[in-house]
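Undergrad: Have a look at the structure that comes next, please.
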Amino acid sequence: NKTKGNEAVADSTAIKTDTIAKDLDKHSEAYIRQRIDTIYSYVDQCIAGLDLDSAFCSQRYFACLQNAQQLSEETGFVCLDYDHWIMGQDRSPEWTYDTKKIDNITDSTAVVEMDIRNFGNHNVVTLELRFERGDWFVDDFVSSSDDEADSQSYSEVKKMEKFVNDLMEVREKGKVFAGYWGWVYEDTPELLLRLVMTDKGLECTECTIYRLHSYHNVKTSFDGDYLYLEDFMEEDGKIRLKLKIDDIGDLSGEAYIEHRYIKDIFEGTITLRKDFFYYRDMPQRKPLSDYAE
């Protein structure tokens with residue numbers, strides 16, 4: 001989405017758009033049609049540097065979008081994989097829009113039905129408008145297909161809200177991973193992990209092959225079932241883990257591990273246990289923060 005990382009424009013610097021028929025009642029169908037034409041003229045011109053979402057969407061919609069984008073950046077999951085203004089990831093030179101109907105006008109809301117064609121695809125889009133800050137802004141994009149076999153409508157606000165709620169549930173579930181984890185069996189690499197839950201999700205603050213080597217750029221993610229850790233920086237070596245809490249509460253799963261000092265590569269299954277690791281010839285149960293000599 002084009003708005004990634006951008007901030008909403010302040011009211012004082014909002015783009016002055018409607019320069020035609022200034023005397024029209026802003027709650028009339030004629031004015032709303034003009035407002036839509038003005039907004040989509042910016043889309044048609046592809047003006048560089050213009051954040052269409054912050055300029056032409058309601059405060060509610062934009063706040064919802066920012067929440068979804070923040071979680072998308074943190075987790076790698078994608079909420080909206082297309083540009084809702086053009087109804088696609090790219091804009092065809094033959095891209096067109098047509099305002100078909102304006103309906104249900106109240107003091108604060110209105111509904112606009114549109115046809116948008118992009119790369120030969122016909123998209124039926126309903127813009128739910130909200131009157132705020134002295135003008136009309138898009139409060140939701142509701143799209144549907146003209147294919148009779150697919151009669152569903154898709155509200156972007158509802159989709160983003162579900163996306164945020166689902167990921168927040170995943171984040172809550174991921175709290176079980178916070179803490180120190182150490183290897184269990186002698187025939188696997190002596191791997192030590194420390195995971196912390198931050199306001200941006202799980203982070204790996206320590207990933208070490210005991211007394212030998214540490215990985216410093218470990219990317220961590222959790223999809224609700226599996227915990228993924230990966231560092232493929234050349235200066236650190238390579239590590240890739242796909243782990244899941246098993247029936248007895250251990251972290252078990254697939255591992256690929258290589259490092260700078262030993263040429264042997266480990267590729268197989270590994271098990272880690274919370275606050276536990278083998279120390280020399282006997283298992284020790286103590287905080288892993290005390291393992292270093």
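The values are calculated or read from the model by the stated rules, or taken from the named source; none is laboratory data. Remember, it's a predicted structure, so these values are computed and weren't measured experimentally. Cβ placement follows ideal geometry from the backbone for every residue including glycine, while neighbour counts extend to all protein chains displayed. These accessible areas exclude ligands, DNA and RNA; they are computed on the full protein's heavy atoms, side chains included. Shrake-Rupley method; radii C 1.70, N 1.55, O 1.52, S 1.80 Å.
Undergrad: I'd like the accessible area for residue 153: 1.4 Å probe, protein heavy atoms, all chains in place, Å² to the nearest 10.
TA: My reading of the accessible area for residue 153 is about 80 Å².
Undergrad: So, one more: For segment 242-258, what does the Karplus curve 6.51 cos²θ - 1.76 cosθ + 1.60, with θ = phi - 60°, yield as ³J(HN,Hα) per residue in whole Hz, taken in order and with x for Gly and Pro?
TA: For segment 242-258, the Karplus-derived couplings read 10, 10, 8, 5, 8, 5, 9, x, 7, 8, 10, x, 8, 9, 10, 9, 9 Hz, x marking Gly and Pro.
Undergrad: Can you list residues whose amide H is under 5 Å from residue 118's amide H, if they're 5+ apart or on another chain and H is modeled 1.01 Å from N?
TA: Amide H to amide H, under 5 Å and 5 or more residues apart or across chains, residue 118 pairs with 123.
Undergrad: If you don't mind, another one. Karplus couplings for segment 204-215 from phi (6.51 cos²θ - 1.76 cosθ + 1.60, θ = phi - 60°), rounded to Hz, Gly and Pro as x?
TA: Along segment 204-215, the couplings run 9, 9, 8, 9, 9, 8, 3, 6, 10, 7, 10, 9 Hz.
Undergrad: Rank 185, 61 by accessible area, highest first, at a 1.4 Å probe radius?
TA: 185, 61
Undergrad: Also: With r as the distance between the Cβ atoms of residue 108 and residue 199 and R0 = 30 Å, compute the FRET efficiency 1/(1 + (r/R0)^6) and round to 0.05.
TA: 0.30
Undergrad: Can you list the residues, at least 5 places off or on another chain, whose amide H is less than 5 Å from the amide H of residue 51, using H built in the peptide plane?
TA: The list, which skips near neighbours in sequence, is empty: none.
Undergrad: For residue 78, what accessible surface area do you get with a 1.4 Å probe? Give it in Å², rounded to 10.
TA: Result for residue 78: roughly 100 Å² accessible.
Undergrad: Here is a follow-up. How big is the accessible area of residue 44 in square angstrom, nearest 10, if you roll a 1.4 angstrom probe over the protein chains?
TA: 80
Undergrad: For the full complex of protein chains and a 1.4 angstrom probe, list 197, 233, 87, 160 by accessible area with the highest value first.
TA: I get 233, 197, 87, 160, largest accessible area first.
Undergrad: Here's another thing I want to ask about it. Compute the distance in nm between two label points, each set 7 Å from the Cα along the Cα-to-Cβ direction, one at residue 100 and one at residue 226.
TA: 4.2
Undergrad: In nm, give the distance between the simple-model label positions of residue 242 and residue 212, each being 7 Å from the Cα along the Cα-to-Cβ direction.
TA: So the label points at residue 242 and residue 212 sit 2.3 nm apart.
Undergrad: Further question: Provide the gained length on full extension for the span residue 175 to residue 144, in nm with one decimal, where the gain is 0.36 nm per separating residue minus the Cα-Cα distance.
TA: 7.4 nm
Undergrad: Same structure again: Here are some pairs, 162/244; 219/274; 173/242; 158/242; 173/274; which of them have Cα atoms lying more than 27 Å apart in this structure?
TA: 158/242
Undergrad: Please list 60, 91 in order of solvent-accessible area, largest first, computed with a 1.4 Å probe with all protein chains present.
TA: 60, 91
Undergrad: Taking the simple approach of a point 7 Å from Cα along Cα-to-Cβ for both residue 74 and residue 168, what is their distance in nm?
TA: About 1.1 nm separates the two model spin labels.
Undergrad: Another question about this same structure. Over segment 85-149, what is the mean sequence separation of C-alpha contacts under 8 Å (at least six apart), divided by residue count, expressed as relative contact order in percent?
TA: 25
Undergrad: Would you please name the trypsin sites (Lys or Arg not before Pro) within segment 171-219 that are DSSP coil residues with at most 15 other C-beta atoms within 10 Å of their C-beta?
TA: Loop-located and lightly packed - 200, 211.
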